[in-house]
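Notes follow once the structure below has been shown.
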Amino acid sequence: MKKALEIFLGILTAMGGFVEIGELVFTVDAGAKFGYSLLWIVALGTIGIITYGEMSGRIAAVTEMPVFFLIRQRAGYAAGLATLLAALGVSLLTCAAEIGGVALLLKTLLGGNYFIYVVLALVFLLLVVWFLSFQAIERVFGLLGLMMIVFVVAVFYFNVDWAQVGAGFIPNVPQLDTSKDYLVYAYFAVALLSSIMLPYETYFYAAGALEDGWNASDITLNRIIVIIGFTFGSVLAIALVLTGASFFKPLMIEPQLPGGVALAPAFALGKWGLIAALVGMFFAFGGAAIENALSGAYNLSHFFGWTWGKFRPPKDAPRFNLSWIVIFLLATVIILTGVDPVEVVEYSIIFAVVILPFTYFPMLLVAQDPKEMGPFVNGKLANILGWIFLILVSMVALAAIPLLIITNGGKG
Amino acid sequence: MARGESRSSKKVDRRARAKLDFWIEAGGILIFCALVAAWFIVSSNEPLDAEGLAIHAGDIRSFSAAGALLSDEFSHGDLTDTFFHEQIELIDDKVEDIGKTLGRSDVRPESKSDAEQLKTFADRAHTTFENARQKDNIKSDELRQLAGLAKALEDNLRKEAEK
């Protein structure tokens, strides 16, 4: 019974934590710009994150080794350090964007000065991480983030062309007006894939498995949570694409503010739809800010061999605790300069894709090594999918920055 | 003795190699960041052409249409007062920024008239949003019309840029 409850909560938490500000912006915008034609990227990205999420959880459970320890071990100190610095940069930018997103949501919910809410968001997040246990953070933010399900409900109020939705899941390139539009389509494909497969998700997931004390007996639990949780999470991402395509596109709107996206559930479900969407986003963004700050602290600690863990009292892991506090502070300083959080997240997502191959390659090497994994080594399917996605993200990583520049950040 | 020396020289070689690798990778990352920063500075100082104007036209189109939608939903009672006012304020800030950018940027001679037209749209949208902030009332028809005009201009500019 306890195990079943754990699985159920794990699935809901994985689902509720699937969407963050970057994914929200890119999925809705992708729908508003290209209709249903990018749905196949959501499906592809979901299979990718399931493949590597499962691998990272399995490695953590079997070897009890965190991701960055493996990266250092397999890639060497120098390459590992370069990957660590890049991952920290991406986590910092993403954390900054999420804090900005939380502040924007508080402003639209309660009114008042944006910068005051940035500081309040920082204080709130610091207190949450300091006082709540790892599991409580995961559960509270994951479960309350589930309020974003209003987007799934709202879709049924819109004029969705379900035949086109089905066609959108088949890899395609739609007929577009100009050659630049094709590049923008490619940019959105890259950004969507990256926003679903963000590297911090695997760092955090594996660190969470270690925090929860998983061992080889939790392999099935890991598999169920990843497959069902991420699949249900992708339903939310799909609903956001459908919202963009069927609600915002006909109105010629490409929402550039998180609050603007909430106009869709407000249209379908009235004031309560609006409030549920805003509260759901608040917890989804807040959860992502915490995950990024903690991921940065885990990565630093795992790489340099510091004592780490939320399960330890702060005095027993001082450098780990100082790290996440510093990441939160730096992220807040970035947002207090007045940069648009949505622009920040757009850059962080594109830069994130560049480090994906450096994260996934060592993970794949360990997962397919029988000496490390024993009977829990990758099966045929995990190996095939692992290599396919590694090649895919490597190609996407090469294309990401040129596309960012050529398309003016996807604006055309 | 000789074996000990060769072992320690191998260790030194490995360390030197790791140091070299690190500096090559760090240099690569720095060059990459410098290139992105250079692109950002160069592109933001270049005079606006049809492509740049089309991006602003798209923004005005989207913000105007979002304003009209906000107004409709507010009048149907689907939004809270706070949400409506804060969202209008955020959109207005963005539209005002576009107007200011258009006003102070250099524009290529062949795109001057388009830029002026776009500036007029941005100013009209800003005035409408500013009135809404003060009076709780937003002219959604005017915003919808503006969105349509901006869309037409955006399409023309994109075709021009394609040439």
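The values are calculated or read from the model by the stated rules, or taken from the named source; none is laboratory data. Given the structure is predicted, the values throughout are model-derived calculations rather than measurements. Reconstructed Cβ throughout: ideal geometry from the backbone, glycine too, with neighbour counts over all protein chains shown. Protein only, heavy atoms only, side chains kept; ligands, DNA and RNA dropped before computing areas. Shrake-Rupley method; radii C 1.70, N 1.55, O 1.52, S 1.80 Å.
What the range A:124-223 shows is 42 Å² of accessible area per residue, with the surface traced by a 1.4 Å probe over protein heavy atoms. Solvent exposure of the range A:291-339 amounts to 42 Å² per residue of accessible area, where only protein heavy atoms count and the probe is 1.4 Å.
Computed about the Cα centre, the dipole magnitude for the range B:60-163 is approximately 480 debye when only Lys and Arg (+1) and Asp and Glu (-1) carry charge, each at its Cβ.
Kindly provide the Kirkwood hydrodynamic radius of the range B:47-162 in Å, to one decimal, from all pairs of distinct alpha carbon atoms. Display every interim value, and only then the final one.
Numbers: mean 1/r = 0.0702 Å⁻¹.
Across the range B:47-162, the inverse of the average 1/r is 14.2 Å.
For the residues A:Ile116, B:Ile60, a 1.4 Å probe over the protein chains yields an accessible-area ranking, largest first, of A:Ile116, B:Ile60. In order along the range A:30-43, the phi-based Karplus estimate (6.51 cos²θ - 1.76 cosθ + 1.60, θ = phi - 60°) of 3J(HN,Hα) comes to 4, x, 5, 8, 10, x, 8, 5, 9, 4, 5, 5, 4, 5 Hz; Gly and Pro are listed as x. Amide H contacts under 5 Å for B:Val107: B:Leu48, restricted to partners 5 or more places along the chain or on a different chain, H placed in the peptide plane at 1.01 Å from N. Share of carbon and sulfur in the accessible area of chain A stands at 71%, probe radius 1.4 Å. Contact with the other protein chains removes 40 Å² or more of accessible area, compared with the isolated chain and a 1.4 Å probe, from these residues of the range B:72-92: B:Glu73, B:Asp78, B:Thr80, B:Thr82, B:Phe83, B:Glu86, B:Gln87, B:Leu90.
Among the protein heavy atoms of the range B:47-162, carbon and sulfur supply 44% of the accessible surface, probe 1.4 Å, non-protein parts ignored. At a threshold of 10 Å², the residues of the range A:69-91 that become less accessible to a 1.4 Å probe in the full protein assembly than in their chain on its own are A:Ala78, A:Ala79, A:Leu81, A:Ala82, A:Leu85.
Tell me, Kirkwood radius of chain A from alpha-carbon pair distances, in Å? Before the final figure, lay out the partial values.
Values: mean 1/r = 0.0473 Å⁻¹.
Radius from the Kirkwood sum: 21.1 Å.
Using just the helices of chain A, give the 222 nm mean residue ellipticity in deg cm²/dmol: DSSP H runs with n ≥ 4 each add -39,500 (n - 2.57), and the total is spread over all residues, rounded to 500. Please report the intermediate quantities before stating the final value.
On the way: 19 runs with 314 residues, N = 412.
Calculated mean residue ellipticity at 222 nm is -25500 deg cm²/dmol.
Buried on complex formation within the range B:126-163 (loss of at least 40 square angstrom of accessible surface versus the isolated chain, 1.4 Å probe, ligands and nucleic acids ignored): B:Arg158, B:Glu162. Picking from B:Ala152, B:Ala115, B:Ala16, which is most flexible by a Gaussian network model of chain B using Cα springs under 10 Å? With Cα springs under 10 Å in chain B, the top fluctuation among B:Ala152, B:Ala115, B:Ala16 is at B:Ala16. When chain A is treated as a GNM with alpha-carbon contacts under 10 Å, the residue of A:Ser91, A:Ser295, A:Ser246 showing the greatest mean-square fluctuation is A:Ser246.
Compute for chains B and A the buried accessible surface, both sides summed, probe 1.4 Å, and express it in Å² to the nearest 100.
On the way: alone 11130 and 16180 Å², together 23850 Å².
Summing both sides, the interface buries roughly 3500 Å².
Build a GNM of chain B with springs between Cα atoms under 10 Å: which of B:Phe121, B:Phe129, B:Phe83 gets the top mean-square fluctuation? Maximum fluctuation in the GNM of chain B, among the listed residues, is at B:Phe83. Rolling a 1.4 angstrom probe over the protein heavy atoms with all chains in place gives the range B:61-163 an accessible area of 48 Å² per residue.
Dipole magnitude of the protein assembly as shown about its Cα centre, charges +1 at Lys/Arg Cβ and -1 at Asp/Glu Cβ only, in debye to the nearest 20? Rounded to the nearest 20 debye, it is 2160 debye.
Remark: for residue pairs A:Lys249/B:Lys100; A:Lys411/B:Lys135; A:Lys180/B:Lys135; A:Lys33/A:Lys271; A:Lys249/B:Lys139; A:Lys2/A:Lys371, the C-alpha separation exceeds 30 Å in A:Lys411/B:Lys135; A:Lys180/B:Lys135; A:Lys2/A:Lys371.
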